[in-house]
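The block underneath contains the structure these notes are about, expressed in structure tokens.
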Amino acid sequence: MATCPNCGKQVSEKDELCPDCGYRLIDTKTVEATKPVETSAPVKDLPKDLQKYLYEDEVVEAQFELEDCSVYATNHRLFIFRDKEIQDLRYRLVSSVEYELEDFYSLVVGGLILILFSFLMNNLLPKMPSELMILLVFVGVLLVIVGLMYKNERLLIHVVGLKPVEIKGSRKNLDSLMKIIRVKP
């Protein structure tokens, strides 16, 4: 048995990642020495940082440019690029994937309350300037529109031993990515 240099837990010498903290145990010099991999047609311009981590039998099957990151799906794992950080997630360590859609109905309710408040104030205070009422109604309508249109869509990837990985993007891209993760062993 070997010891993880990151968390100090016991790991098998065959493990590529620490099952407790996800630390990459394989020697990166060995990975860099492998030849660059030919990729499938839909993937364009692989980053050099990614090419040095790919194994000889590994093929990048899909690429997703999302709101907060770039995701590369290979036949063995996912690579998530955020700024200068790279996350390497093996499919076999993914315990679950969930799609979340956050609606902003609180903005709709706040807008409706503001509109109602402006009409009540106009009836209770006859000397209320009409410009103020128009402004309150305008802001209320704007809040209602924004609340109905804006949605925060994200994918949560639960990985054994790590906190959930959050990926934001469009419904179409997140659905495609979720299908890839669920199909892999």
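The values are calculated or read from the model by the stated rules, or taken from the named source; none is laboratory data. A quick note: this is a predicted structure, and the numbers were derived from the prediction, not measured. No Cβ is skipped: glycine too gets one built from the backbone with ideal geometry, and neighbour counts run over all protein chains shown.
Only residues that are in contact (Cβ under 8 Å) with a residue 12 or more places away in the chain and either among the acidic types (D, E) or assigned by TED's automatic domain parsing to the domain that holds L132 (or both): list them for the stretch 76-88, please.
Of the residues in the stretch 76-88, the ones in contact (Cβ under 8 Å) with a residue 12 or more places away in the chain are 76-82, 86-88.
Correct list: D88 only.
Please go through (1) at pLDDT 85 or above; (2) over 26 Å from M1 (Cβ atoms); (3) surrounded by 12 or more Cβ atoms within 10 Å (Cβ to Cβ) for E65 and return the number of the only condition it doesn't satisfy.
Evaluating E65 over (1) at pLDDT 85 or above; (2) over 26 Å from M1 (Cβ atoms); (3) surrounded by 12 or more Cβ atoms within 10 Å (Cβ to Cβ) leaves (3) as the failure.
Look at the stretch 126-185 and say how many of its residues are in contact with a Leu (Cβ under 7 Å, 6 or more places away or on another chain), among the polar types (S, T, N, Q) and not in a helix (DSSP H, G or I).
0
What are the pairs, 6+ residues apart or on separate chains, where a residue within the stretch 92-105 that is within 17 Å of N173 (Cβ to Cβ) and not assigned by TED's automatic domain parsing to the domain that holds L177 has its Cβ under 9 Å from a residue that is outside any strand (DSSP E or B) and among the β-branched types (V, I, T)?
V97/I181
Tell me whether the stretch 103-114 contains one or more residues that are in contact with a Lys or Arg (Cβ under 7 Å, 6 or more places away or on another chain), surrounded by fewer than 13 Cβ atoms within 10 Å (Cβ to Cβ), more than 30 Å from C18 (Cα to Cα) and at pLDDT below 85. I'd like the intermediate steps shown before the answer.
Applying the first criterion (in contact with a Lys or Arg (Cβ under 7 Å, 6 or more places away or on another chain)) to the stretch 103-114 yields 103.
Retained after the next criterion (residues that are surrounded by fewer than 13 Cβ atoms within 10 Å (Cβ to Cβ)): 103.
Now narrow it down to the ones that are more than 30 Å from C18 (Cα to Cα): 103.
Okay, now just the ones that are also at pLDDT below 85, so 103.
Yes, the stretch 103-114 has at least one match.
Let me confirm something: among V137, V97, which residue is in contact with a helix residue (DSSP H, G or I) (Cβ under 7 Å, 6 or more places away or on another chain) and under 17 Å from I80 (Cα atoms)?
Numbers: V137 fails: under 17 Å from I80 (Cα atoms).
From the options V137, V97, the qualifying one is V97.
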